[in-house]
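Colleague: I have a structure I would like to understand better, so I am pasting it below and will then ask my questions one at a time.
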Amino acid sequence: MIAMAKEQTPAEIFLSSATQAAKAIMETVDKDGFIHVFSHLDADGVAAAAIIGKALFRLDARFRIRVTQWIDEKIIGKIISDKPQLVILTDFGSGYLDLLDEKVPDFRMLILDHHQITGKVDNENFVHVNPHLHGIDGATDVSGSGVAYFVAKAISMENADLAPIALVGAFGDLQDKNEQRKLGGLNELILDDAVSANLVKVEKDLTFFGRETRRIHRALASSTSPFLPGLTGEVDKSLAFLASLDIKPKEGEKWRALRDLTEDEKKRLSSALADYLISKGLHTEVANLIGNVYVLAKEEAWTPLRDAREFAVLLNSTGRMDRPSLGIAICMGDRSAALEEANKVLENYRKNISKYLDWVMEKPERMKELDNIYVVHGESFINEKIIGTISSILVSGLENPEKPLLAFANIEEENAAKFSARTTDVALSKGVNLGKVMRVASEKFGGKGGGHNVAAGAQVPIDQIENFISTVNELVEKQLRGEEAGSNDNA
Ligand code: C5P
Ligand code: ZN
C-alpha cells in the first residue's frame, strides 16, 4: 500500500520548530554547556523567561537569565564576553535577526518569539521559532511565553504544568481579543493542557479587572472596557450605585471583591449595568460586560495570582519596575517572601501609573492630537520602562479610535527617546500596522523599532523626535488610505 504523505498544518510545522529548539537545549545540557537566557521586560517576557528557566532547572542545566527592554550592543557585548554555549532569546529577537547575524553569528542561538520578523536568518547556528514564519498571527494566537511553553513541553511533558504561566503571558500581551474575551489559536492548545490538568478553570463572569483583589466599587470605578460614564473614575458614585442595588461593599470589616458576590448579586449588578449603559445610548458596550474569566485553580483566593489577568499585571510591574527576578521566581513556584515583595512592587507601579496619567491630563500640550495620531509627550517625566503601559491605558479612552496613540519618554543617558505606539481593532481593520510604521520611521532617523500590528515600539535619537513623529503621522495616513501594505504584511 502506498502511504500518502499528509501535508502538515502550519501549527504542526510551528510545533516541529519548537521541537528542534528543545533538541538544541537538551544537547547543550548533555554537554554541560552554559546557557544564557535573555528576555523582554513585560509580563509576557517575564513569563517566557520563567518557563524556560523552570525547564532548564528541571534539566539541572547551568544557566542565567537577564531581562531587558530590548536587544542592543550591551546584550551583544554580554554574549561575546560570557561566551555561553547556547543563547536563548525569549519574547524578542525576531526584530533583530540582521544584528544578531552580523555581531554574533558563531553563537548557537534560539530565538523564541512572536513579534513581527525583520530580516532573514540563514545561519545554521540559529533556530528561529516564531508563529509568523508559518502564517500564524503572533499578535493574537500565541505569545512569547506560549512559544517558550511549546519548547518546554517538547523537552518534557512534565513542563505541561507551566501552561497557566503561558496563558498569563498571553493576557499580558492582551491576546484575549476574541468574542467574550476568549483566547484563540495556539493559545487554545495551551488552555486545553491547563484545563485538563485542572490547573485553570474558565468561567463566565463580569469582566471588571480585579476580580480577586479589588474592592467592588473600585473595580467599577476603574473600568474602561466597558466604559461606564458617570461611574468610571467616580469611586463614590460607584459605591452609591451598588447601594442602590442593595449590594453591600463590605462583609463585616472586610471589603468584598467581585469574587465574593453571590450569583444573585452578580445578576442584579449585570442587569442594572446593562440598563444603565442602554440608558446612556451605549448599547454595544453591553456585550463587554460579561466574558471569559481564567482562574488559576491552585492559587489562593484573594491573591492576584488567582486571576490570570491580575497575575499578568503583577508580572508586568516586576519587569517594568526593575524587579523581574521576583516575577520569574513567582512563576517558577516561589510564593511567600517573593509574593509579598512583588505585591509591594505592584502597589508602587500603580502609584507611578496614576501619577503619570494625572500628569498627562494636567496640560493639553502633553497629549496632542495630530491629523492621524495622538502624541503623548512623556519627555523626562515618565519612566521609559513604563511608557508602554501608559500608552496601553490611554489608547482605550481616545475620542477617535481610528487614530493610533504614540507616547514617548526620554532616556537621557542614552540621548534617545523611547516610543510606544498602540492602536485599536478599528484602526487595524482599516489597515494600520504599527510594527511596520515604527520600524520604517525609526530606521529613517537612525533608530530601531518594530513589534506587532496593534502594539509596537521604537528607540530614536533624541534630536530626531519631531521628525520621527511627523513621519509616523504620515505613514499612518498612508496605511489608512490603503497606500501602504498594512496589518497583513509582516515583512
Ligand atoms: O515597548 P512597548 O511596550 O511599547 O513595545 C510594544 C511591543 O513592540 C512589544 O511587544 C515590544 O517588544 C515590541 N518592540 C519591538 N521592537 C522595538 C520596540 C518594541 O519589537 N524596537
Ligand atoms: Zn510578547
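Readers should treat all values here as calculations from the given coordinates under stated rules, not as data from a laboratory. Computed from a prediction, not measured in an experiment: that's the story for all the values here. Note: ideal-geometry Cβ built from the backbone for every residue, glycine included; neighbour counts use all protein chains shown.
Colleague: For the charge dipole of the chain, defined by +1 on Lys and Arg C-beta atoms and -1 on Asp and Glu C-beta atoms about the Cα centroid, which residue among F445, N198, F14 has the Cα displaced farthest towards the positive pole?
Modeller: The residue sitting farthest along the positive end of the dipole is N198.
Colleague: Could you give the DSSP H helices of the chain that reach 20 angstrom or more along their long axis (alpha carbon positions) and whose average Kyte-Doolittle hydropathy is no lower than 0.5?
Modeller: On the way: long enough: 10-30 (30 Å, 0.39); 43-58 (22 Å, 1.12); 263-279 (24 Å, -0.62); 336-362 (39 Å, -0.66); 465-480 (22 Å, 0.09).
Those that clear 20 Å and a mean of 0.5 are 43-58.
Colleague: With the crude spin-label approximation of a point 7 Å out along Cα→Cβ, what separation in nm comes out for A243 versus D275?
Modeller: Computed distance between label sites A243 and D275 equals 1.9 nm.
Colleague: Same structure again: Tell me the mean residue ellipticity at 222 nm calculated for the chain from its helices only (DSSP H runs of n ≥ 4, each -39500 (n - 2.57), averaged over every residue, nearest 500).
Modeller: The helix-only estimate for the chain comes to -13500 deg cm²/dmol at 222 nm.
Colleague: When the dipole is taken about the Cα centre of the chain, and only Lys, Arg (+1) and Asp, Glu (-1) are charged at their Cβ, what size is it in debye, to the nearest 20?
Modeller: The dipole of the chain has a size of about 920 debye.
Colleague: Roughly how many nanometres apart are two label points built 7 Å out from the Cα toward the Cβ at S196 and S81?
Modeller: 4.7 nm
Colleague: Ok, one more. Hey, how many Å between the Cα centroid of the range 152-191 and the Cα centroid of the range 22-54?
Modeller: If we compute the Cα centre of each part, the gap is 18 Å.
Colleague: Does the range 254-381 come out rounded, prolate or oblate by the C-alpha gyration tensor, with a ≥ b ≥ c the root eigenvalues, rounded set by a/c under 1.5 and, if not, prolate when a/b is larger than b/c and oblate if not?
Modeller: oblate
Colleague: While we're looking at this one, here's another question. So how far, in whole Å, is the C-alpha centre of the range 411-428 from the one of the range 333-363?
Modeller: Distance between centres, Cα-based: 21 Å.
Colleague: I've got another one for you. So for each of 266-272, 214-220, 417-423 I average, over its residues, the number of other beta carbons within 10 Å; can you give me the resulting order with the highest mean first?
Modeller: Most protected by this proxy first, the peptides run 417-423, 214-220, 266-272.
Colleague: Then there's this: Using the beta-carbon distance between D72 and R268 and R0 = 51 Å, what value does 1/(1 + (r/R0)^6) give for FRET efficiency, to the nearest 0.05? Write out the running numbers ahead of the final one.
Modeller: Values: r = 53 Å, r/R0 = 1.05.
With a Förster radius of 51 Å, E is 0.45.
Colleague: When a footprinting reagent is the concern and you count Cβ atoms within 10 Å, what order do F408, F381 take, fewest first?
Modeller: F381, F408
Colleague: By how many nm would the segment from K204 to E369 grow when fully extended, if each residue of separation counts as 0.36 nm and the alpha-carbon distance is taken off?
Modeller: Result: 55.6 nm gained on full extension.
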